[in-house]
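> Have a look at this one before I ask anything.
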Amino acid sequence: MIKLQNLTVSYRHHPALHHISGQFVSGSLTAVMGANGSGKSTLLKSIAGLLAIDGGHTSGALTVNTQRMAYLPQLSEIDRGFPIDVRDCVLFGLWHSTGAFGRVSDTLVKRVDAALHAVGLQGFEGRALGTLSAGQLQRVMFARLMVQDAELILLDEPFNAVDAKTTASLLTLVQQWHLEGRTVIAVLHDDAQVRQYFPQTLLLARERVGWGLTAEVLTEANLQRARDMAEAWDESAQVCEIDADLSQQNVTAHAAHLPHSAH
Ligand code: ADP
Ligand code: MG
């Protein structure tokens with residue numbers, strides 16, 4: 001369903017993802033793990049087709065073979081000040097069925113309210129988004145994912161700032177999506193949770209450290225290697241010269257203050 005061939009994604013020539021190859025099979029449930037700055041959000045944004053907004057530059061190939069995808073950004077990227085109530089926020093996920101100025105049918109409103117009920121937010125339909133706790137906001141976002149009915153669901157740190165009870169109920173939804181045959185890719189941090197609920201794992205440290213069965217990827221050796229690679233990062237040292245269509249002058253200018261090349 002999603003194929004990465006030597007994918008490199010750079011921001012101003014600094015690769016956030018470096019020569020990654022592999023694939024997410026249709027119907028798979030995969031955790032993406034790695035330290036802060038290891039390229040996890042960049043990967044999800046690449047798949048969601050949102051890199052241009054961030055000014056990212058891509059080389060290699062990324063094939064995303066799906067019509068319907070849903071994307072949950074990191075909580076920190078969601079604008080909670082947006083003056084909208086809970087029901088409209090979930091309805092917003094359906095704009096492709098309603099059209100930007102389309103009429104909202106009773107059927108759609110019923111679907112939205114059923115999703116809010118399923119995430120335990122009945123009675124919250126008219127609440128302003130800005131008045132919700134982090135856990136409640138994340139429930140709203142999951143209700144929105146439910147009504148989107150996507151084949152591919154991308155979740156960036158879906159359980160951050162969310163209490164244990166909410167996490168457990170949202171994890172149940174993820175399991176249900178998996179049973180329904182949807183492809184789910186989730187950025188996560190909790191080893192134990194990943195081992196228990198996510199059959200596949202991609203471990204990143206800008207490069208691919210491991211990708212496959214969770215038990216085979218989350219070995220102590222791989223985790224240590226990912227930590228070592230993260231610690232070795234020097235923000236200014238990572239210029240990918242294959243990727244960048246730099247003028248020779250720029251390459252020299254970068255190389256001059258680099259202790260070593262990224263390759
Ligand atoms: P993660 O989600 O694993 O924490 P990210 O994919 O957000 O990592 O970021 C990977 C690297 O790319 C980091 O070094 C980050 O600072 C950098 N980066 C991310 N987004 C941008 C951007 N819009 N502009 C410049 N650099 C960015
Ligand atoms: Mg991130």
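> Using only alpha carbon positions, build the gyration tensor of the chain, then give the equivalent ellipsoid semi-axes as the square roots of 5 times its eigenvalues, largest first, whole angstrom.
So the equivalent ellipsoid measures 35, 21, 17 Å along its semi-axes.
> When Lys and Arg each count +1 and Asp and Glu each count -1, what net charge do the other residues less than 11 Å away from Leu91, Cβ to Cβ, add up to?
-1
> While we're looking at this one, here's another question. Can you tell me the orientation of helix 134-148 relative to the chain, as the angle in degrees between its alpha-carbon axis and the longest Cα principal axis, to the nearest 10?
Tilt of helix 134-148: around 80 degrees.
> When the Karplus curve 6.51 cos²θ - 1.76 cosθ + 1.60 is applied with θ = phi - 60°, which whole-Hz ³J(HN,Hα) does each residue of the range 29-42 get, with x for Gly and Pro?
Values per residue, Gly and Pro as x: 10, 10, 9, 10, 10, x, 5, 4, x, 8, x, 5, 5, 4 Hz.
> Take the alpha-carbon centre of the range 38-59, take the same for the range 149-209, and report the distance between them in whole Å.
Rounded to whole Å, the Cα centres lie 19 Å apart.
> If amide H atoms are built 1.01 Å from N in the plane of the peptide, which residues on other chains or at least 5 residues away come under 5 Å of the amide H of Leu17?
Here the answer is Val9, since their amide H atoms fall under 5 Å of that of Leu17.
> What angle do you read, to the nearest 10 degrees and between 0 and 90, between the alpha-carbon axis of helix 220-231 and the longest principal axis of the chain?
70
> ³J(HN,Hα) across the range 53-63 via Karplus (A = 6.51, B = -1.76, C = 1.60, θ = phi - 60°), whole Hz, x for Gly/Pro?
Here the 3J(HN,Hα) series is 4, 8, x, x, 10, 10, 10, x, 10, 10, 10 Hz.
> Using a 10 Å cut-off on Cβ atoms, rank the peptides 10-22, 58-70 from the highest mean neighbour count down.
Put in order of decreasing packing, that is 10-22, 58-70.
> Give me the three principal axis extents of the range 16-90 from the C-alpha atoms, as integers in angstrom, largest value leading.
41, 27, 23
> Ok, one more. Count the net charge of all other residues whose Cβ sits under 14 Å from the Cβ of Arg227, scoring Lys and Arg as +1 and Asp and Glu as -1.
Around Arg227, the charge tally is -3.
> Just from its helices, what would the mean residue ellipticity at 222 nm be for the chain, if runs of 4 or more DSSP H residues each count -39500 (n - 2.57) and the sum is divided by every residue, rounded to the nearest 500 deg cm²/dmol?
-11000 deg cm²/dmol
> Right, another one. Send over the Kirkwood Rh of the range 134-220, from the inverse of the averaged 1/r over different Cα pairs, rounded to one decimal Å.
Averaging 1/r across every pair of different Cα atoms and inverting gives 13.8 Å.
> With a point put 7 Å past each Cα toward its Cβ, work out how far Arg195 is from Ser26 in nm, to one decimal.
Taking the two extended label points, one gets 3.3 nm.
> Can you order the peptides 224-233, 144-153 by their average number of other Cβ atoms within 10 Å per residue, highest first?
144-153, 224-233
Only the coordinates and a few stated rules stand behind these numbers; no lab work does. A quick note: this is a predicted structure, and the numbers were derived from the prediction, not measured. Methodologically, a virtual Cβ is constructed for each residue, glycine included, from the backbone with ideal geometry; neighbour enumeration extends over all protein chains shown.
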